[in-house]
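Notes follow once the structure below has been shown.
The values are calculated or read from the model by the stated rules, or taken from the named source; none is laboratory data. Just so it is clear, the model here is predicted, and its values are computed rather than measured. Glycine gets a Cβ as well: all are built from the backbone with ideal geometry, and neighbour counts include every protein chain shown. What goes into the accessible areas is simple: the full protein's heavy atoms, side chains included, and nothing from ligands, DNA or RNA. Shrake-Rupley method; radii C 1.70, N 1.55, O 1.52, S 1.80 Å.
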Amino acid sequence: MKDFIAIDFETAKYSRESACSVGLVKFENGEVTDTYYSLIRPPKLYIRPDFTEIHGLTVDDVRDAPSFADIWDSSIKPFIGNMTLAAHNAVFDINVLKAVLKWYNLPVPELPYFCTCTLARRTWPELKSHSLTSLASHFGIVYNAHNALDDALTCGKIVLLAREKVGKE
């Protein structure tokens, strides 16, 4: 995969439509060419305290943020275009995207995607953990875990590292 968009969502609670932030990083020819980050006001203005402990976002942070519907057509959809998405544990992030689109009665496009956790398991089967934080630590990537933009950037870096390893074999 030469060009792709790394995507990450943080949610306010267990329900997938409760996205409270999104990070997108565009990789073209192995380089970061653009980024997009936004806080998102979830449909129900509530963030579980245990989720705040994970990602640090509170109701006060997202109270005045745009809804997902406000940023989909104007920002996210044009940013993604026709590019393939990459996400760590992609089933989660793709299901968040689909759920929030359905919540707002927006058309759900068919977006090609791949999972960087699966990619990492195949590329480095010897590693004990393939979580994003473990991979980042193993490869010396310093980042702010559970910040949607940093997670997306780190996810993309894992793709580049996997591509580099496979290219050398």
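For the chain, modelled as a GNM with alpha-carbon contacts under 10 angstrom, which of Ile47, Ile76, Ile141 fluctuates the most?
Judging by the Gaussian network model, the answer is Ile141.
Are there trypsin sites (Lys or Arg not before Pro) in region 110-169 that DSSP puts in a loop and that have at most 12 other Cβ atoms within 10 Å, and which ones?
Counting only loop positions with at most 12 other Cβ atoms within 10 Å, the trypsin sites (Lys or Arg not before Pro) in region 110-169 are Lys128.
What does the charge dipole of the chain about its Cα centre add up to, to the nearest 20 debye, if the Cβ of each Lys and Arg holds +1 and the Cβ of each Asp and Glu holds -1?
The calculation lands at about 480 debye.
Near the amide H of Ser38, under 5 Å away, which other amide H atoms are found, from residues 5 or more places off or on another chain, if H is placed in the peptide plane?
The answer is Val22.
Over 24 Å between Cα atoms, which of Lys13/Lys128; Lys77/Lys165; Lys77/Lys157; Lys2/Lys165 qualify? If you can, show how the numbers build up before the last one.
Details: Lys13/Lys128 29 Å; Lys77/Lys165 32 Å; Lys77/Lys157 22 Å; Lys2/Lys165 14 Å.
From Lys13/Lys128; Lys77/Lys165; Lys77/Lys157; Lys2/Lys165, over 24 Å: Lys13/Lys128; Lys77/Lys165.
So if R0 is 22 Å, what FRET efficiency would Ala145 and Asp61 give, r being the distance between their Cβ atoms, rounded to the nearest 0.05?
About 0.80, to the nearest 0.05.
Provide the gained length on full extension for the span Ser74 to Lys128, in nm with one decimal, where the gain is 0.36 nm per separating residue minus the Cα-Cα distance.
Contour length minus the Cα-Cα distance gives 15.3 nm.
Assuming a viscosity of 0.692 mPa s and a temperature of 37 °C, what translational diffusion coefficient in µm² per second does Stokes-Einstein assign to the chain, Rh being the Kirkwood radius over Cα pairs?
In µm²/s, the coefficient is 202.
Restricting to bridges with both residues inside the chain, how much of the DSSP beta-bridge set is antiparallel, in percent to the nearest 5?
On the way: 16 of 21 bridges.
Restricted to the chain, the bridges split so that about 75 percent are antiparallel.
For the pair Asn105 and Val32, what calculated FRET efficiency results from E = 1/(1 + (r/R0)^6), where r is the Cβ-Cβ distance and R0 = 45 Å, to the nearest 0.05?
That pair, Val32 with Asn105, gives E of 0.85.
List the chymotrypsin sites (Phe, Trp or Tyr not before Pro) within region 44-99 that fall in a DSSP loop (any state other than H, G, I, E or B) and whose Cβ has at most 14 other Cβ atoms within 10 Å.
Tyr46
Grab the DSSP H runs of the chain that are 4 residues or longer, score each as -39,500 (n - 2.57), total them, divide by all residues and round the 222 nm result to the nearest 500 deg cm²/dmol.
-11500 deg cm²/dmol
Can you grab the distance from the C-alpha centre of region 118-162 to the C-alpha centre of region 77-99, Å, no decimals?
Cα centroid to Cα centroid, the span is 17 Å.
Taking only protein heavy atoms into account and a 1.4 Å probe, give the accessible area per residue of the chain in Å².
Computed with neighbouring chains in place, this is 51 Å² per residue.
On the protein heavy atoms, probe 1.4 angstrom, tell me the percent of accessible surface of the chain carried by carbon and sulfur.
50 percent
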